[in-house]
Amino acid sequence: MKLGFAGSGNMAGAMARGWAGCISPPELMLFADSGSGRAQALADEVGGRRVASLDELADRSDVVVLAVKPPGLDDAAGPIAGRVEAVISVLGATPLARLEPALAPSPVLRTMPNLAVEIRRGVICHTPVGASGAALDGVLGLLGSLGTVIEVDEGDLDPATAVMGCAPAYIALAAEALIEAGVEAGLDAELSGRLVSEATAGVGEHLRYRQPGSMQRAIASPGGSTEAGLKELAARDVRAAFKAAVEASLERMAGAR
Ligand SMILES: NC(=O)c1ccc[n+]([C@@H]2O[C@H](COP(=O)([O-])OP(=O)(O)OC[C@H]3O[C@@H](n4cnc5c(N)ncnc54)[C@H](OP(=O)(O)O)[C@@H]3O)[C@@H](O)[C@H]2O)c1
């Protein structure tokens, strides 16, 4: 499959790096930007090709990943609509009711990937394929090589985005704060970073098998050091802070529509 990227920014780059390193990469990846030079840089990095325009992208691609910012939808969709077999949209807060008329008659899969697609450990939420199922089958297979693909109702996509798309940044913030705390406690910065990243990776995997509450109880023995730390977090209402972060993300998504 020849895969075009309309947009060569952060998310396009993460997906392209993921596909470049997978067992069955796309036959060819093609990249367009709006003049920054990021398309050429990404093509050089992953072994793809830069194209000079979205017209050329549509001519040379079977499937296009639409990876511009949401306000750029109409400009980017015009040259692609009806000229490719399918479009994968990664646009945040942009419903099918906006995507489908802009890209018709090409079928559109509305998706929300997170940044870990870069290492093929992403989560990719998508809306049901509906009547365009056959045309989008190959697309779902392609996305599967970037991580775990989960179908959600379109009404659930914004809250899903808040907890799988935005939340990795919140977790990265927590990791950064812990690394800094380790350094303040006397650890070398590199060692502190390694300890936190390995521990965080282990927690991520462990949470697949153990509930978060059960994990906290298993670590925090009464009167012990973890319990003391959890009490400090509770006193600062860290739980409420995370909930407020999710609410803020949801409000921003609602405001963008
Ligand atoms: N970043 C994330 O973690 C994330 C996660 C999930 C979904 N998303 C979604 O992914 C989309 C892109 O986000 P991003 O963070 O990757 O943005 P970004 O880094 O700003 O990249 C946007 C890209 O679109 C290009 N572009 C804009 N208009 C164009 C046009 N008419 N023709 C060709 N290229 C055009 C830009 O070109 P220039 O390089 O020339 O400016 C840039 O390469 C957004 O809709 C966002 O909601 C992002």
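The values are calculated or read from the model by the stated rules, or taken from the named source; none is laboratory data. For clarity, every value in this text was computed on a predicted model and none was experimentally measured. Quick reminder, even Gly has a Cβ in these numbers, built from the backbone with ideal geometry, and neighbours come from all protein chains shown.
Any residue that is in contact (Cβ under 8 Å) with a residue 24 or more places away in the chain, in contact with an Asp or Glu (Cβ under 9 Å, 6 or more places away or on another chain) and within 16 Å of the ligand (Cβ to nearest atom) - is there at least one of those in region 151-161? No; the residues of region 151-161 include none that is in contact (Cβ under 8 Å) with a residue 24 or more places away in the chain, in contact with an Asp or Glu (Cβ under 9 Å, 6 or more places away or on another chain) and within 16 Å of the ligand (Cβ to nearest atom).
In region 93-116, the residue that is nearest to the ligand (Cβ to nearest atom) out of those that are surrounded by fewer than 21 Cβ atoms within 10 Å (Cβ to Cβ) and among the charged types (D, E, K, R) is 98.
Among the residues of region 188-219, those that are out of contact with any Lys or Arg (no Cβ under 9 Å at 6 or more places or on another chain), farther than 14 Å from residue 178 by Cβ and either of a type in the set (A, V, I, L, M) or not in a loop (DSSP other than H, G, I, E, B) (or both) comprise 190, 205, 206, 207, 212, 213, 214, 215, 216, 217, 219. Which number in (1) more than 20 Å from the chain's Cα centre (by Cα); (2) exposed (fewer than 12 other Cβ atoms within 10 Å of the Cβ) marks the one condition that residue 192 misses? Failing condition for residue 192: (2). Residue pairs whose Cβ atoms lie under 7 Å apart, separated by 6 or more positions or on different chains, with the first residue in region 1-18 and under 13 Å from residue 37 (Cα atoms) and the second part of a loop (DSSP other than H, G, I, E, B) and among the basic types (Lys, Arg), do not occur. Considering region 38-57, and only residues there that are part of a loop (DSSP other than H, G, I, E, B) and not hydroxyl-bearing (Ser, Thr, Tyr), the residue that is surrounded by the fewest Cβ atoms within 10 Å (Cβ to Cβ) turns out to be 52. As for region 10-18, it holds at least one residue that is more than 10 Å from the ligand (Cβ to nearest atom) and hydrophobic (A, V, I, L, M, F, W, C).
Given the structure, is residue 175 surrounded by 13 or more Cβ atoms within 10 Å (Cβ to Cβ), at pLDDT 95 or above and within 28 Å of residue 80 (Cα to Cα)? No; evaluated as a whole, the condition is false for this residue. For region 58-92, residues that are within 14 Å of the ligand (Cβ to nearest atom), in contact (Cβ under 8 Å) with a residue 40 or more places away in the chain, crowded, with 18+ Cβ neighbours inside 10 Å and small (Gly, Ala, Ser) total 5. When residue 36 is tested against (1) within 20 Å of the chain's Cα centre (by Cα); (2) within 9 Å of the ligand (Cβ to nearest atom); (3) modelled with pLDDT of 95 or more, only condition (1) is not met. Filtered by the rule that a residue be surrounded by 19 or more Cβ atoms within 10 Å (Cβ to Cβ), assigned to a helix (DSSP H, G or I) and within 14 Å of the ligand (Cβ to nearest atom), region 117-148 gives 117, 118, 143.
Taking the criterion of being assigned to a strand (DSSP E or B) and near the ligand (Cβ under 8 Å from one of its atoms), the only residue of region 19-33 that qualifies is 32.
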